[in-house]
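As C-alpha cells, the structure follows; a few thoughts come after it.
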Amino acid sequence: MVWDWAFRNPVKALLSYLVFVSLFFLIFPGVDLWFTGLFHSSETGFWAKTQPFLRRFRHLGPHIVQWVAIACLLALVLKLLFPGRTPLMPLRVPVFLLSTLVLGPGILVNAILKNNWGRPRPVMVDLFGGDMPYQPVWLPTNWCDTNCSFVSGEASAAMWLLALVFVAPKAWRWALACFLIPLGLLLSLNRVAFGGHFLSDTLISWGLTLLLIVLMYRLLFYVRPAGLGDRKLDEILTRTGRRLHVAFRKILNGYRIRWRRFCKMFTSA
C-alpha cells in the first residue's frame, strides 16, 4: 500500500522521506555516531580507508558519471556540428541528464550545502580522532569552511545515476534499476566507512537528489514548457548549428583573406 502510494505520488513521498529522516536524526543523533563507529577503531581509525579494493571501488561511481555526462555532451555537440542529421538520441534525454547532474550533485549538494553548512566530517569529529564536536543535520555552523560533510556529494552522484532509469527504454528499466540501486548503496556506504560522511548525510543526499530528478522529469517529459519538446529542441539546435557554421565560415574566410594579403606583400616586394 505504501509503495503504491509512493509510486503514484513520488514528490510527496520524497518530501515525506526527507522530513522523516531529518527529524529522526535530529531526535536521535546517537544513531549517526553509532553507525559511524561500526567502521572506526581506536587503534587503526577508519580501517576501510586502508583497503586497496575499497579505495579503487570509490572511483567507480565518478567514472560512470563522467562517461554518462560525456555521452550527453557528445550527443548535443554532434547535433551542432551536423545540424541536418537526426540526433543520436531524443534531445530531452541529454538535457534532462545534464540539467539534473548540474542542479543536483553540482549546485544544490556541492555548491550550496557542502560549502555553506559547515558540518564537520566524521574524521574531523573528536569521537573519531578529530578535534571538532559532532554537529546535527541542517544546523549551519562554522566548524568547517568548505567541502564539508552535509550532505554527501558522492552519494548524490551515485543516486543521480538513477536518472538513467527514467529515460532508458522500458524493457531495460528494471534491469538497470537492479544494477544501479545496489551500486549507489555500496558507493554511499563506502564513503561512510571511510569516515567521509555520516549516515544522515547520505540518506538526506539521496532524498534531495531523487526529488530534483523527479521534478525535472515532470517538467521536461510531462509539463513540457514551450521550447523543451524534442522537436523544438531539435529545431533550436539545428538553427544554432547552422549559425555556428556560417560564423565559422566567415571567420575562416577572414583568415584566408588576411593570409593572402600577407603573402601578397612578400611576393610584390
Just to be sure, is Ala69 of a type in the set (Gly, Ala, Ser), surrounded by 17 or more Cβ atoms within 10 Å (Cβ to Cβ) and part of a helix (DSSP H, G or I)?
no
Sort through Asp4, Asp32 and tell me the only one that's assigned to a helix (DSSP H, G or I), of a type in the set (D, E, K, R) and touching a Phe, Trp or Tyr at 6+ places or on another chain (Cβ under 8 Å).
Asp32
Which pairs have Cβ atoms under 7 Å, sit 6 or more apart or on different chains, and link a residue in region 145-167 that is within 12 Å of Pro105 (Cα to Cα) to one that is among the polar types (S, T, N, Q) and modelled with pLDDT under 95?
Gly153/Asn110
Count - residues of region 188-238 that are among the acidic types (Asp, Glu) and under 26 Å from Lys49 (Cα atoms)
1
Every residue from region 150-179 that is among the charged types (D, E, K, R) and within 30 Å of Leu26 (Cβ to Cβ)
Glu154
Quick check: anything in region 42-57 touching an Asp or Glu at 6+ places or on another chain (Cβ under 9 Å), of a type in the set (D, E, K, R) and surrounded by fewer than 20 Cβ atoms within 10 Å (Cβ to Cβ)?
no
Six or more apart or on different chains, Cβ atoms under 7 Å: show the pairs whose first residue is in region 64-87 and closer than 18 Å to Leu183 by Cβ and whose second is in a loop (DSSP other than H, G, I, E, B) and not basic (Lys, Arg).
Ile64/Leu161; Val65/Leu161
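The values are calculated or read from the model by the stated rules, or taken from the named source; none is laboratory data. These numbers were taken from a predicted model, which means no experiment stands behind them. Cβ coordinates were reconstructed from backbone atoms using ideal geometry, including for glycine residues, and neighbour counts include every protein chain displayed.
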